[in-house]
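Engineer: Take this structure, written in structure tokens, and hold onto it; I'll ask about it next.
The values are calculated or read from the model by the stated rules, or taken from the named source; none is laboratory data. Because the structure is predicted, anything quoted here is derived from the model rather than measured. Heads up, the Cβs are rebuilt from the backbone with ideal geometry, glycines too, and the neighbour counts pull from every protein chain shown.
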Amino acid sequence: MSISVNHISKHFGAFSALNNINLDIPEGELVALLGPSGCGKTTLLRIIAGLEQADQGDIFLKGDKVTDKPVKNRQIGFVFQHYALFRHMTVFENVAFGLRVKPRRDRPSNEVITKKVHALLQLVQLDWLHDRYPDQLSGGQRQRIALARALAVEPSVLLMDEPFGALDASVRKDLRQWLRNLHHDLNVTSIFVTHDQEEAMEVASQVVVLNHGRIEQQGSPSDIYDHPVNAFVSRFIGQTNVFDLDEHDADWLQTAGILNPHQEGKIAHVRPHDIIIEKSTTGKAAPATVKDWQHLGALIRLELVKNGVNGSTAHLFAEMPNDQFKELNLNRGDKVDLKIRQAHWFH
Amino acid sequence: MNTIPATPFIASKKLTLSDSDWVRYALIGLTLGITGLFLVLPLAAVLIEAFAKGWSTFSASLTHPDALAAMRLTLLVALVTVPLTTVFGISAAWAIARFDFRGKSLLITLIDLPFSVSPVIAGLIYVLIFGAQGWLGPWLSEHDIKIIFAVPGIILATLFVTFPFVARELIPLMQEFGHEEEEAALSLGASGWLTFFKVTLPNIKWALLTGVLLCNARAMGEFGAVSVVSGHIRGLTNTLSLHIEVSYNEYDFVGAFASASLLAALAIVTLVFKTVLEWQQKKGLKAARQPVE
Amino acid sequence: MPQSNIMPGFRPAISLTLVYLALIVLIPLSAMLLKSMQLSLDEYWAILTNHRVQASFRVSFGAALIAAAVAAVFGFIIAWSLVRYTFPGKRLFDALIDLPFALPTAVAGIVLATIYEPNGWIGKLVMDNLGIQIAYKPLGIVFALIFIGLPFVVRTIEPVLQELDTAMEEAAASLGATRLQAFLKVILPNILPATITGFALAFARGVGEYGSVIFIAGNMPYISEIVPLLIITKLEQYEYAGATAIGMTMLILSFVLLLLINGLQWWVRRRSGQL
């Protein structure tokens, strides 16, 4: 294991930020720590880095226990949320910093440093900015310099705190792809913190979902999306319709093609794309009515009103490809039949 | 009452509303009047009075042995107190801006305390400890150590009145800058000292210089506290401020104002540097706060 | 007790800070406290109820109060002009505001006395035209303390005025308020707390001020003798007990003022939603 987190707990006063966290990350993975704000993900990252101390538990990096090692001896690369570039140093000096502060016997010669820094700047495609100062750079450029600076010390693990958090939506998209490719080339075990599930799914090879200081689920993006272990994960990852059987949804679900729902659990989560829509042939008894729809590019999101549940006006969402929607030729107020392809059941 | 600015050159850029002309001229007039009467005029008067009897009297006053001794003592006091206050200010700012601990706000209040204590009391407390009738007075006279009515007393009183100067400049700035850059340096393997010298110090240097300058101005110009502990011994325990008082009370106005002009020049230099430094510091902060696009 | 924080150097920094604080400030101040506790309550009372002592407290606090009030008004006008208007030499005037901070008090003292004495530049003008003598009277003390207090007010109001969102005034105007109404109902409530803080700071400094006052005050017992001068006088007469009692009383009053200022700032910040 490249990174092992054993029974880590951390309190801030009465607030329990992390509660007995156990996590193993194999060599070469690109892991996302995903969760809502305040779930403890940044604290966990900072504890792994040694920027914060845990109340209990141990951290192992490449099999070495580093719990009591100060951050400077942990051989980690850390990319800060707001980059924390040294304002008074040029881009070149920022990247060179980690090499220049090594003890004299380990310090590379000036030539080696120069060569290495330029190589790193070329890696992040910003060598032409080497004599600029951080405040002359755009956000995306700063972010890549921060990454180059962290990589300069050849870290055994790379830790990134909300690496795309401070960027524009368009820049963010590009950088995600770029980071994925970079990780593929360098193959250094990496963890990044994010609250954006889309980002986690798109970039990471492994996703760890955290909530209230606990790990809810760990797995590959498809694992987590297709087999959420609990209601929190299911709701947090992607969109979902929630049916609570205590609220008389059972009868309604039977009309949508799910029989004997009580056998599997109390709450059903259904992804919008798992709902198949057909124009109703049964007229008044149809389970749903079209209220409105939105174009999401290739997909159409339909907003439906459930019919026949004690006069309630609960909404649900369904998604279908654009051309299929055109074929159906639906209008607002049309009654529709639905078929639920798959549901996740929770207690 | 609202006038729409006629041309963009006259109106302040960000205001679409502005005060009517007469209000504006009246307030600007008052501002110039008050500053002129209370600040510019006194400054001019120092120079005019110093040269009232010509250059030769002015230079004779400044080269008088008593004046020279006062200058030497003033420099000595500043040379001892400014470094001490600076080292204290840096360590206090480091502890307060970088760590959370119980009693932090009490500590900040205590550091500010000397600002709100009358300088005369600052002198008095040392007299009560080291004076002839003070707690340590008998022991000191037995061992023939002089603190009150001697240079050590002057230095102690100056240390008291300059106490908060550097810390006050650094604490808010370091809190505003945050510690991400220092954490970055540590994560890259830098030691604590190296982090301080290579990352912290460059970020706070302008504020530190401002604090040192203001501290120096106060150390060289302190009057009340020093007056209590000095004993006004000519050529020995008179600082420039005290020399001014003695000359003035002896109706040697040119002598008093000649020394005063030196201290006034120091004040001007301090103000100029302070303005430039604050400008530099704002530039640094602006860069730090610049939104990331 | 530091939070578990990886930043190095807490122990040496806090130790140095506390030791230095104790040596230079706390131990000397407590020496005065101990000395004053050697006095019986009756002795203490006798010193404080002495007419000359009481007169000096009246002079010090009265002059400081009036001067701080005047400085508050002047400071408001200056801060307003500096923030809201442009005029030639504005930056120079802005820098000059700090002069009383930087100018040694002895220099300020002799130059103010020289200008405002009955034969001085301004003093003569006022004496001849209005028949009012400034220097060597309580009025002289007020003038010196206005000089000292002015930057406290200006520097407290200036940043608040700069941060004040002018959109609020535009909103007031769009709702039909006149400029005066906008000033009274929108601007003033936002600036008032800072003005009060500046006033309090100027007042606190004025009460303890010595150097800039004694040359212009005339120092007549019962009329224009300030408390700090009385302390020095007592010391010169080796009346340590008297000096200590007066000094202690002043120190307690300064403490109360400091607490009030801190409380005021806390209240202001809470009201403006910064806490």
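Engineer: Only one of C:203, C:199 is among the aromatic types (Phe, Trp, Tyr), part of a helix (DSSP H, G or I) and either closer than 30 Å to residue B:249 by Cα or modelled with pLDDT under 85 (or both); which? Lay out the reasoning, then the answer.
Structural biologist: Working: C:199 fails: either closer than 30 Å to residue B:249 by Cα or modelled with pLDDT under 85 (or both).
The match here is C:203.
Engineer: Is it the case, given these coordinates, that residue A:132 is of a type in the set (D, E, K, R), closer than 16 Å to residue A:186 by Cβ and either in contact with a Leu (Cβ under 9 Å, 6 or more places away or on another chain) or in contact (Cβ under 8 Å) with a residue 24 or more places away in the chain (or both)? First the steps, then the outcome.
Structural biologist: Values: of a type in the set (D, E, K, R): yes; closer than 16 Å to residue A:186 by Cβ: no; either in contact with a Leu (Cβ under 9 Å, 6 or more places away or on another chain) or in contact (Cβ under 8 Å) with a residue 24 or more places away in the chain (or both): yes.
No.
Engineer: Restricting attention to the stretch B:1-31, and to residues there that are within 7 Å of chain C (Cβ to nearest Cβ) and modelled with pLDDT of 85 or more, which single residue is surrounded by the fewest Cβ atoms within 10 Å (Cβ to Cβ)?
Structural biologist: B:30
Engineer: If you don't mind, there's one more thing I want to ask. So, in the stretch B:188-226, of the ones that are over 22 Å from the mean Cα position of the chain (by Cα) and facing chain C (nearest Cβ under 9 Å), which residue ends up surrounded by the most Cβ atoms within 10 Å (Cβ to Cβ)?
Structural biologist: Initial filter on the stretch B:188-226 (over 22 Å from the mean Cα position of the chain (by Cα)): B:188-200.
When the remaining residues are screened for being facing chain C (nearest Cβ under 9 Å), the result is B:191-193, B:195-196.
On the way: B:191: 15, B:192: 17, B:193: 10, B:195: 24, B:196: 18.
Applying the filter and picking the extreme gives B:195.
Engineer: So, in the stretch C:122-141, exactly how many residues are surrounded by 24 or more Cβ atoms within 10 Å (Cβ to Cβ), aliphatic (A, V, I, L, M) and in a helix (DSSP H, G or I)?
Structural biologist: 1
Residues checked against (1) surrounded by 17 or more Cβ atoms within 10 Å (Cβ to Cβ); (2) closer than 17 Å to residue B:159 by Cα:
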position: B:38; (1), (2): yes, no
position: B:63; (1), (2): no, no
position: B:72; (1), (2): no, no
position: B:87; (1), (2): no, yes
position: B:90; (1), (2): yes, yes
position: B:93; (1), (2): yes, no
position: B:110; (1), (2): yes, yes
position: B:117; (1), (2): yes, yes
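Engineer: Within the stretch A:4-39, how many residues turn out to be more than 13 Å from chain C (Cβ to nearest Cβ), in contact with a Lys or Arg (Cβ under 8 Å, 6 or more places away or on another chain) and surrounded by 20 or more Cβ atoms within 10 Å (Cβ to Cβ)?
Structural biologist: So the answer is 5.
Engineer: Pairs needed: first member in the stretch A:205-216, under 16 Å from residue A:25 (Cα atoms); second member anywhere, surrounded by fewer than 24 Cβ atoms within 10 Å (Cβ to Cβ) and hydroxyl-bearing (Ser, Thr, Tyr); C-beta distance under 8 Å; at least 6 residues apart or different chains.
Structural biologist: Sorted first by the residue in the stretch A:205-216, then by its partner, the pairs are A:205/A:220; A:206/A:220; A:207/A:220.
Engineer: Would you check if residue A:72 is at negative phi and out of contact with any Ser or Thr (no Cβ under 8 Å at 6 or more places or on another chain)? Walk me through how you get there before you give the answer.
Structural biologist: Details: at negative phi: yes; out of contact with any Ser or Thr (no Cβ under 8 Å at 6 or more places or on another chain): no.
No: the conditions fail for residue A:72.
Engineer: Looking at C:151, C:88, C:100, C:118, which one is in contact with a helix residue (DSSP H, G or I) (Cβ under 7 Å, 6 or more places away or on another chain) and in a loop (DSSP other than H, G, I, E, B)?
Structural biologist: Of the residues listed, the single one that is in contact with a helix residue (DSSP H, G or I) (Cβ under 7 Å, 6 or more places away or on another chain) and in a loop (DSSP other than H, G, I, E, B) is C:118.
Engineer: Consider residue A:142 carefully, then state whether it is under 23 Å from residue B:180 (Cα atoms), surrounded by fewer than 21 Cβ atoms within 10 Å (Cβ to Cβ) and modelled with pLDDT of 90 or more. Walk me through how you get there before you give the answer.
Structural biologist: Numbers: under 23 Å from residue B:180 (Cα atoms): yes; surrounded by fewer than 21 Cβ atoms within 10 Å (Cβ to Cβ): no; modelled with pLDDT of 90 or more: yes.
Spelling it out, it is not the case that residue A:142 is under 23 Å from residue B:180 (Cα atoms), surrounded by fewer than 21 Cβ atoms within 10 Å (Cβ to Cβ) and modelled with pLDDT of 90 or more.
Engineer: Suppose we keep only residues that are within 8 Å of chain B (Cβ to nearest Cβ) and small (Gly, Ala, Ser) within the stretch A:70-114. Which one would you say is farthest from residue B:201 (Cα to Cα)?
Structural biologist: A:77
Engineer: Which of the residues that make up the stretch A:40-65 are more than 12 Å from chain C (Cβ to nearest Cβ), surrounded by 23 or more Cβ atoms within 10 Å (Cβ to Cβ) and part of a loop (DSSP other than H, G, I, E, B)?
Structural biologist: A:40
Engineer: OK, next. Quick test of your reading of the structure: residue B:182 fulfils all but one of (1) more than 18 Å from residue C:26 (Cβ to Cβ); (2) under 22 Å from the mean Cα position of the chain (by Cα); (3) within 11 Å of chain C (Cβ to nearest Cβ); (4) not polar (S, T, N, Q). Name the failing condition by number.
Structural biologist: Evaluating residue B:182 over (1) more than 18 Å from residue C:26 (Cβ to Cβ); (2) under 22 Å from the mean Cα position of the chain (by Cα); (3) within 11 Å of chain C (Cβ to nearest Cβ); (4) not polar (S, T, N, Q) leaves (2) as the failure.
Engineer: Conditions: (1) in contact with a helix residue (DSSP H, G or I) (Cβ under 7 Å, 6 or more places away or on another chain); (2) within 9 Å of another protein chain (Cβ to nearest Cβ). Residue A:141 meets all but one. Number of the miss?
Structural biologist: With (1) in contact with a helix residue (DSSP H, G or I) (Cβ under 7 Å, 6 or more places away or on another chain); (2) within 9 Å of another protein chain (Cβ to nearest Cβ) applied to residue A:141, the lone miss is (2).
Engineer: Exactly one of (1) at pLDDT 90 or above; (2) buried (at least 16 other Cβ atoms within 10 Å of the Cβ) is unmet by residue A:110. Its number?
Structural biologist: Every listed condition holds for residue A:110 apart from (2).
Engineer: A follow-up question, please. Does residue B:256 count as within 7 Å of another protein chain (Cβ to nearest Cβ), in contact with a helix residue (DSSP H, G or I) (Cβ under 6 Å, 6 or more places away or on another chain) and at pLDDT 90 or above? Full working, then the answer.
Structural biologist: Values: within 7 Å of another protein chain (Cβ to nearest Cβ): yes; in contact with a helix residue (DSSP H, G or I) (Cβ under 6 Å, 6 or more places away or on another chain): yes; at pLDDT 90 or above: yes.
Criteria met by residue B:256.
Engineer: Considering only the stretch C:25-48, I want to know if a residue exists there that is more than 9 Å from chain B (Cβ to nearest Cβ) and under 23 Å from residue C:108 (Cα atoms).
Structural biologist: No - not one qualifying residue is present in the stretch C:25-48.
Engineer: Kindly indicate whether residue B:160 is within 30 Å of residue B:68 (Cβ to Cβ), out of contact with any Gly (no Cβ under 8 Å at 6 or more places or on another chain) and within 11 Å of chain C (Cβ to nearest Cβ). Working first, answer last.
Structural biologist: Details: within 30 Å of residue B:68 (Cβ to Cβ): yes; out of contact with any Gly (no Cβ under 8 Å at 6 or more places or on another chain): yes; within 11 Å of chain C (Cβ to nearest Cβ): yes.
Criteria met by residue B:160.
Engineer: Now a separate question. Just checking, does the stretch C:60-73 include any residue being among the polar types (S, T, N, Q), in contact with a Pro (Cβ under 8 Å, 6 or more places away or on another chain) and either modelled with pLDDT under 95 or closer than 30 Å to residue B:200 by Cβ (or both)? Please lay out each step first, then the result.
Structural biologist: Taking the stretch C:60-73 as the starting set, the residues that turn out to be among the polar types (S, T, N, Q) are C:60.
Narrowing the set further to residues that are in contact with a Pro (Cβ under 8 Å, 6 or more places away or on another chain) leaves C:60.
Next cut, either modelled with pLDDT under 95 or closer than 30 Å to residue B:200 by Cβ (or both) only: C:60.
Looking for residues that are among the polar types (S, T, N, Q), in contact with a Pro (Cβ under 8 Å, 6 or more places away or on another chain) and either modelled with pLDDT under 95 or closer than 30 Å to residue B:200 by Cβ (or both), one finds at least one in the stretch C:60-73, hence yes.
Engineer: Select from the stretch A:122-162 the residues that are of a type in the set (A, V, I, L, M) and over 30 Å from residue A:26 (Cβ atoms) and list them in ascending order. Please lay out each step first, then the result.
Structural biologist: Just the residues of the stretch A:122-162 that are of a type in the set (A, V, I, L, M), to begin with: A:123-124, A:126, A:129, A:137, A:145-148, A:150-153, A:157-160.
If the condition is that a residue be of a type in the set (A, V, I, L, M) and over 30 Å from residue A:26 (Cβ atoms), then A:126, A:129, A:137 are the ones that fit.
Engineer: Tell me which residues, restricted to the stretch A:72-87, are surrounded by fewer than 20 Cβ atoms within 10 Å (Cβ to Cβ) and either of a type in the set (Lys, Arg) or free of Cβ contacts under 8 Å to residues at least 24 places away in the same chain (or both).
Structural biologist: Let us first name the residues in the stretch A:72-87 that are surrounded by fewer than 20 Cβ atoms within 10 Å (Cβ to Cβ), namely A:73, A:75, A:81-82, A:87.
Answer for the stretch A:72-87, where residues must be surrounded by fewer than 20 Cβ atoms within 10 Å (Cβ to Cβ) and either of a type in the set (Lys, Arg) or free of Cβ contacts under 8 Å to residues at least 24 places away in the same chain (or both): A:73, A:87.
Engineer: Go through the stretch A:81-113 and give me each residue that's under 30 Å from the mean Cα position of the chain (by Cα) and basic (Lys, Arg). Even if it seems obvious, please write down each step before you answer.
Structural biologist: Quick first cut of the stretch A:81-113, residues under 30 Å from the mean Cα position of the chain (by Cα) only: A:81-87, A:91, A:94-95, A:98.
Hit for the stretch A:81-113 is A:87, nothing else.
Engineer: I want to confirm something. Restricting to the stretch C:66-106 and keeping residues that are farther than 21 Å from residue B:165 by Cα and polar (S, T, N, Q), which single residue is farthest from the other protein chains (Cβ to nearest Cβ)?
Structural biologist: Only one residue fits best here, namely C:86.
Engineer: So, one more: Check every one of the helices (runs of 4 or more DSSP H) wholly within the stretch B:179-293 and list those with 3 or more residues that are within 30 Å of residue A:145 (Cα to Cα).
Structural biologist: Numbers: elements: B:180-187, B:192-195, B:201-221, B:224-230, B:240-249, B:253-289.
Qualifying helices (runs of 4 or more DSSP H): B:180-187, B:192-195, B:201-221, B:253-289.
Engineer: Could you pull out the residue among C:56, C:30, C:36 that is in contact with an Asp or Glu (Cβ under 6 Å, 6 or more places away or on another chain) and over 30 Å from residue A:68 (Cα atoms)?
Structural biologist: On the way: C:30 fails: in contact with an Asp or Glu (Cβ under 6 Å, 6 or more places away or on another chain); C:36 fails: in contact with an Asp or Glu (Cβ under 6 Å, 6 or more places away or on another chain).
Exactly one residue qualifies, and that residue is C:56.
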